[in-house]
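One structure, pasted below without further comment.
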Amino acid sequence: MGDLLDDFLGEHPLTESVDLLLPDLAGVLRGKRLPPSAVRSALAGEAFFTTTVYSIDTPGANVAESGLVWDEGDADRPLRLDATTLRPVPWRPGGAQIMGGMAEPDGSGFFADPRHLLARIAGRFAALGLRPVTALEFEFYLIDQDSGPHGAPLVPHSARLGRRPAETEVFAPERVEDQEPFFELVQRYGEAQDLPVKGVLSEFAPGQFEINLGHVDDMVLAADQGAMLKRCIKAAARSTGQRATFMAKPFAEQSGSGLHVHLSLLDREGRNLFGETPDGERHLRHAVRGLQDLMAESMLVFAPNANSFRRLRPLTYAPTAPTWGWNNRTVAVRVPPGGPAARRVEHRVAGSDANPYLVLAAVLAGVLEGLENRREPDEPIVGNAYAKSPVYLPLSWDAAIAAFRAGEYLPRWFGERFCRLFAAVRQGERDRFHGRITPTEYEWYLTTV
């Protein structure tokens, strides 16, 4: 590990500080800034960090019921940094970053670390002679630095239109050209951090875009790249006088932002299990069934906060039922068109606000469950899935928390201790959120009732 640091500093000799990035349960990158000498000590196992990084809600407040705050006395544990993630921070001269997590004192992975959890579940495929390959797609909004009433976001001014855009211009190259300085920075930042940025398109609302990452066969790397991409996008937005948000539903009347996961499996010969092997479609169907079986109890992973559930509405390209189908974007699990080598599933449930490490872990667990149990899914949906499914997913925060706590499958894959922690932290955020009085309540009820 020290050799990788030496190589990095040799290539980037002006590095003055390194951002230590620890993804928490919400997928928010926490940590601190260190001099390179402190990173060297951390890579040697001589540095510690507070375990309560995994007991905080999305804004960053401790959830006492997590069991990691008062019960353990806010204990420190050893840092486990991944030297292969050392990258320059191109928007901060002299800056670098490194991803990591926590370990137990004996060196084993800490149960609450999302990177460790994902690595453990991804490792289960090796025993089957399989290698998962994934690509992530992130939708997001560019918004103005200024806010509207009560902090509501505003779409940035368009030089092309001479005003703030108000209409959907999906797939319009001119909308990307409107933001040429921003996307040039994203491309430059992504290249500096070895991110496989593969495509950009304008989405279904003013100010909304999608960026696609290329396929990789390392699941932790894929999630790391997703987290780094979000960081690059936010930095590029700041550098162009804007902000970027991955909030699932920042505008009530506009499209929500999703995180779509494309996944295929390669066997020992490098063949696509879903398309290039005998009984490939049968394997695909078993994987789909596993994803269906885990979907309801995984909704708290795919939609982790209060705003997440505003995205999940009929006729919005956001799934409301555990459906699947061929080349159909109204379903939760889509099988895109393509030849046998390209056959894959596209899991469309998660919001862009979800933790990419846990989303990938839940998707992989569903596929493993399906391959293990070999059950058949229901018939694929043809046409409008919103009008054809009698079964719905948990579509409220309370329902998702309840479904997660009653989960039949996830505790076996995630571990019961992790599931208790995650539910407690999500419940703590839910309780804190509902303890607030909103501006709408004052407007509607203060002098009316």
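The values are calculated or read from the model by the stated rules, or taken from the named source; none is laboratory data. Everything numeric here is computed off the predicted structure, so don't read it as measured data. Neighbour counts are summed over all protein chains in view; Cβ atoms, including those assigned to glycine, are modelled from backbone coordinates with ideal geometry. For the accessible areas, the whole protein counts, side chains as well, though only heavy atoms, and no ligand, DNA or RNA atoms are used. Shrake-Rupley method; radii C 1.70, N 1.55, O 1.52, S 1.80 Å.
State which residue pairs qualify: first residue under 22 Å from E281 (Cα atoms) and inside the range 353-372, second residue assigned to a helix (DSSP H, G or I) and among the polar types (S, T, N, Q) in any location, beta carbons under 8 Å apart, and separation of 6 or more residues or different chains.
Listed by first residue and then by second, the contacts come to G366/Q292.
List the helices (runs of 4 or more DSSP H) that sit entirely inside the range 294-406 and contain at least 1 residues that are out of contact with any Phe, Trp or Tyr (no Cβ under 8 Å at 6 or more places or on another chain) and basic (K, R). So that I can check it myself, show each step before the final result.
On the way: elements: 299-302, 356-373, 397-405.
It comes to 397-405.
Going through the range 67-102 one residue at a time, which ones are out of contact with any strand residue (DSSP E or B) (no Cβ under 8 Å at 6 or more places or on another chain), within 22 Å of Y357 (Cα to Cα) and at pLDDT 95 or above?
Selection gives T84 alone.
Separate question: Select from the range 68-99 the residues that are in a loop (DSSP other than H, G, I, E, B) and within 25 Å of the chain's Cα centre (by Cα) and write down the one among them that is surrounded by the most Cβ atoms within 10 Å (Cβ to Cβ).
Of the range 68-99, the ones in a loop (DSSP other than H, G, I, E, B) are 68-75, 89-94.
Narrowing the set further to residues that are within 25 Å of the chain's Cα centre (by Cα) leaves 68, 89-92.
Values: L68: 25, V89: 20, P90: 18, W91: 17, R92: 14.
Selected residue: L68.
Here's another thing I want to ask about it. Can you pull out every residue in the range 247-290 that is of a type in the set (F, W, Y) and either open to solvent by less than 10 Å² (accessible area, probe 1.4 Å) or not in a loop (DSSP other than H, G, I, E, B) (or both)? I'd like the intermediate steps shown before the answer.
Of the residues in the range 247-290, the ones of a type in the set (F, W, Y) are 251, 274.
Once the filter is applied, which keeps residues that are of a type in the set (F, W, Y) and either open to solvent by less than 10 Å² (accessible area, probe 1.4 Å) or not in a loop (DSSP other than H, G, I, E, B) (or both), the range 247-290 yields only F274.
Of (1) over 13 Å from S298 (Cβ atoms); (2) without any contact (Cβ under 8 Å) to a residue 60 or more places away in the chain; (3) buried (at least 16 other Cβ atoms within 10 Å of the Cβ), W397 satisfies all except one. Which?
(2)
Quick one: A400 ticks every box in (1) in contact with a helix residue (DSSP H, G or I) (Cβ under 6 Å, 6 or more places away or on another chain); (2) over 17 Å from S308 (Cα atoms) except a single one, so which number is it?
With (1) in contact with a helix residue (DSSP H, G or I) (Cβ under 6 Å, 6 or more places away or on another chain); (2) over 17 Å from S308 (Cα atoms) applied to A400, the lone miss is (2).
Could you grab me the full set of residues in the range 1-59 that are over 18 Å from M228 (Cα atoms), surrounded by 16 or more Cβ atoms within 10 Å (Cβ to Cβ) and of a type in the set (D, E)?
D57
Still on this structure, I have one more. Working only within the range 229-278, note down all residues that are within 30 Å of L130 (Cβ to Cβ) and of a type in the set (D, E). Walk me through it before giving the result.
At the first step, the residues of the range 229-278 found to be within 30 Å of L130 (Cβ to Cβ) are 229-230, 258-278.
Those that are within 30 Å of L130 (Cβ to Cβ) and of a type in the set (D, E): D267, E269, E276.
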